[in-house]
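The numbers here are math on the coordinates, done by the rules we state, and not lab data. Everything quoted here is computed from the prediction, not taken from an experiment. Ideal geometry is used to build each Cβ from the backbone, glycine not excepted, and the neighbour counts take in all protein chains shown.
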């Protein structure tokens, strides 16, 4: 494993915004096609291929820097208004991954000074129990963000439940209106889904130019794949989506300058799927049995890391890549919601 780590430039003065990604409205440009299209020679760009190992995009350190800045803003809000942002989490069932994610989110809230509440429901609970918990948090003025940990058990109607969530508190960005505004040029969602938002932040902080690049998103879930593809389009990438029914997925993927994978299949993407010099954002978090590890398993991504680092120019590790950024974006969205609620700037 290469030792080089890319943490991006994070030394910014206090007056700079917490995130470096721009508002979507400021990105909108008219579609004016050039009269003479030329073929770009990417081989010159990647002439150093295989001479050095890929840089590791250190999501953990970037997330820590963002969380620190959020904590400063929360303290400033408390000193000025006497109030702090509040996040409520609803978790249904005992999925190990959901339990882990929620614990990490609650811990991050504590570190940032954000108030957190959690409602735990049995895996066989009735749909109305989830809706009632949502309704209570919708009405609570001290709660500015509500997170329903997905996926939900199959007997629950996810669409109905998410529709009950107040648009102004949808810090996960999954409300149909938020997703619709993300998809439409000229529109600005109140919240961008946390994992896609974190992926874009990692790319920008790592100095990756998105505009005009070929991007492939592997996976089309409502949580990651779909909103990531929409967000990359808003940043003017040319986006292809690869899914389980795609023919020759390796051929499509190996043409991409940027690959974001969220298929949930360990080691799906091999080295020969990747273009020399590409940038890889691995969202996959897959537990693999390993008796040598403390909990009896270890986490690996969708990308075969050992092969990819010999081909690409930069890649996120698993763990320590996208995961911490997802939580940092959740805190950022919750802070933004509280600022709107309290008219705090």
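Beta-bridge orientation, segment 82-184: approximately 0 percent antiparallel, per DSSP, counting only bridges with both partners inside.
Translational diffusion coefficient of segment 48-131 at 25 °C, 0.890 mPa s, Stokes-Einstein with Kirkwood Rh over Cα pairs, in µm²/s as a whole number.
155
For segment 202-345, rounded, prolate or oblate, judged on the Cα gyration tensor with a ≥ b ≥ c (square roots of eigenvalues), a/c < 1.5 rounded, else prolate if a/b > b/c?
Oblate, because a/c is 1.5 or more while a/b does not exceed b/c.
By its C-alpha gyration tensor, with a ≥ b ≥ c as the square roots of the eigenvalues, how is segment 129-185 shaped: rounded for a/c under 1.5, else prolate for a/b larger than b/c, else oblate? Cα axes put segment 129-185 in the oblate bin.
Histogrammed with a bin width of 10 Å, the alpha carbon distances of segment 183-279 distribute as 16, 51, 29, 4 percent, first bin at zero.
In this calculation the C-beta distance from residue 236 to residue 339 is compared with R0 = 35 Å, giving a FRET efficiency of 0.80. Fewest neighbouring Cβ atoms within 10 Å first, the residues 64, 306 line up as 306, 64. With the helix formula -39500 (n - 2.57) applied to DSSP H stretches of n ≥ 4, the chain reaches a computed 222 nm mean residue ellipticity of -11000 deg cm²/dmol. Of interest is the spacing of the C-alpha centroids, which for segment 120-195 and segment 293-345 amounts to 21 Å. Within segment 68-90, name every residue whose backbone N is under 20 Å away from a label modeled 7 Å from Cα of residue 118 along the Cβ vector. Only 85-90 fall inside the zone, counting backbone N under 20 Å. Kirkwood hydrodynamic radius computed over segment 82-184 comes to 14.1 Å, based on all pairs of distinct alpha carbons. Using Cα atoms only, what is the angle between the long axis of helix 225-234 and the major principal axis of the chain, expressed in degrees (0 to 90) to the nearest 10? On a 0 to 90 degree scale, this one is about 70. Computed from Cα atoms, the angle from the helix 96-112 axis to the main principal axis of the chain rounds to 70 degrees. Across the chain, Cα pairs under 8 Å and at least six residues apart give a relative contact order of 21 percent. Taking every DSSP beta bridge that has both ends in the chain, the antiparallel portion is near 10%.
For the chain, the pair-distance distribution built from all alpha carbon pairs, in bins 20 Å wide starting at 0, is 29, 59, 12, 0 percent. Taking other C-beta atoms within 10 Å as the exposure proxy, 60, 197, 107 rank 107, 60, 197 from fewest upward. Can you give me the angle between helix 194-205 and the longest principal axis of the chain, using Cα atoms only, in degrees from 0 to 90, rounded to the nearest 10? Helix 194-205 and the main axis of the chain meet at about 50 degrees.
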